[in-house]
Amino acid sequence: QDAKKVYDILTDARYGGVPKENTLLLLNEKATRNNMVSALRKIKNWDGYVYVYYSGHGAPMTKEDKFIDAFLVPDDVIITDPEAMEDTSIKVSYLQELIDSSQAKGVMVALDACFSGGGKSIVPKGGKPLVGMLVNPELMKPKGSGKVIITSSATNQQSWEDEKEIQGGIFSHYFLEGLKGRGGKDAWVKVDELASYIKDNVPKATRRLKGQEQNPQVSGEGDFAVTRNWERSKVMDEDMARTRLKSTFEKGMITTDQLSKAM
């Protein structure tokens with residue numbers, strides 16, 4: 001549901017305006033490893049702007065009680081043992097490589113998943129949850145400017161959902177609210193403003209609704225637009241249109257009746 005909501009906002013002409021032919025939505029049984037990898041590979045060669053959103057399970061990858069990597073868990077994952085999971089999941093480090101090598105003007109990746117072994121996380125049989133282990137706090141850190149990665153929680157925290165008030169992931173709720181305009185200060189919602197909005201609001205909501213700590217992490221930097229702040233834009237557009245109409249009337253290019261109807 002969260003993924004569909006994000007897709008709807010990004011393809012809505014009022015907000016994201018992304019042409020549907022430039023998008024790919026993978027839900028439930030369609031979110032196989034092959035389909036996800038095929039979609040993510042587009043990051044590397046796309047020459048415009050790239051927005052990636054993932055809501056689902058994560059998994060920690062550990063070695064000798066150290067956290068060394070993490071997985072995004074597809075629908076067709078095999079969790080009979082750690083090796084099977086590694087072969088049938090997507091390493092976060094692979095996603096990192098795609099982002100680092102991307103030629104896109106801007107890349108934003110948002111992950112509503114956790115890698116701690118609790119909540120929205122899966123641990124393979126014979127594996128260990130991320131409790132009492134040495135944790136690398138920098139799970140993802142993009143190289144170069146114009147690349148921003150937002151993860152829903154710190155490495156050793158869960159990503160919480162709320163079924164009563166928010167009815168979905170807490171991180172995804174504020175991500176969506178930010179995309180719809182609350183994360184923007186002007187006519188456009190810039191990626192750095194969106195990240196700040198999420199970082200400010202998710203911890204407060206998680207404490208209030210769950211009595212738990214959840215602190216989204218942001219790495220990389222960029223100030224490119226993600227969506228349009230429609231509530232603000234439509235007022236600005238209206239003012240601009242009124243000014244142009246009045247000017248056109250004053251120049252004698254339209255009649256009083258035409259001005260009235262247009263207004």
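The values are calculated or read from the model by the stated rules, or taken from the named source; none is laboratory data. None of these values were measured; they are calculated from a predicted model. Here Cβ is always computed from backbone atoms with ideal geometry, including for glycine, and neighbour counts include all displayed protein chains. These accessible areas exclude ligands, DNA and RNA; they are computed on the full protein's heavy atoms, side chains included. Shrake-Rupley method; radii C 1.70, N 1.55, O 1.52, S 1.80 Å.
Structure notes:
- In this structure the amide hydrogen of Asn215, modeled in the peptide plane, comes within under 5 Å of the amide hydrogens of Ala154, none closer than 5 places in sequence on its chain.
- The charge dipole of the chain, taken about its Cα centre with unit charges on the Cβ of Lys, Arg, Asp and Glu (plus for the first two, minus for the last two), comes to roughly 680 debye.
- Most mobile of Arg182, Arg242, Arg228 in a GNM of the chain (Cα contacts under 10 Å): Arg242
- Under Karplus coefficients 6.51, -1.76 and 1.60, residue-wise ³J(HN,Hα) of the range 35-48 in Hz, glycine/proline x: 5, 5, 5, 4, 5, 5, 4, 5, 4, 5, 10, 6, 9, x
- Of all accessible heavy-atom area on the chain, the percent that carbon and sulfur account for (1.4 Å): 47
- Residue order by solvent-accessible surface for Leu179, Leu259 is Leu259, Leu179, largest first, with ligands and nucleic acids left out and a 1.4 Å probe.
- Residue-normalised accessible area of the chain, expressed per residue, 1.4 Å probe, Å²: 54
- Two-decimal log10 I(q)/I(0) for the chain, as the Debye equation yields it once each C-alpha is a single scatterer, q = 0.13, 0.14 Å⁻¹: -0.84, -0.95
- Inter-site label distance for Lys44 and Lys63 at 7 Å from Cα along Cβ, in nm: 2.3
- Note: relative contact order over the chain, using C-alpha pairs below 8 Å and six or more positions apart, is 17 percent.
- Amide hydrogen neighbours beyond the local backbone of Val189, cut-off 5 Å, H modeled: Val226, Thr227, Arg228, Asn229
- Flagged links, alpha-carbon separation over 30 Å, of Lys4/Lys261; Lys125/Lys164; Lys20/Lys185; Lys147/Lys204; Lys91/Lys199: Lys4/Lys261; Lys125/Lys164
- For the pair the range 69-100 and the range 11-63, the centres of their Cα atoms are 15 angstrom apart.
- For Asp69, the residues whose modelled amide H falls within less than 5 Å of its own, excluding neighbours fewer than 5 places apart on the same chain, are Met61.
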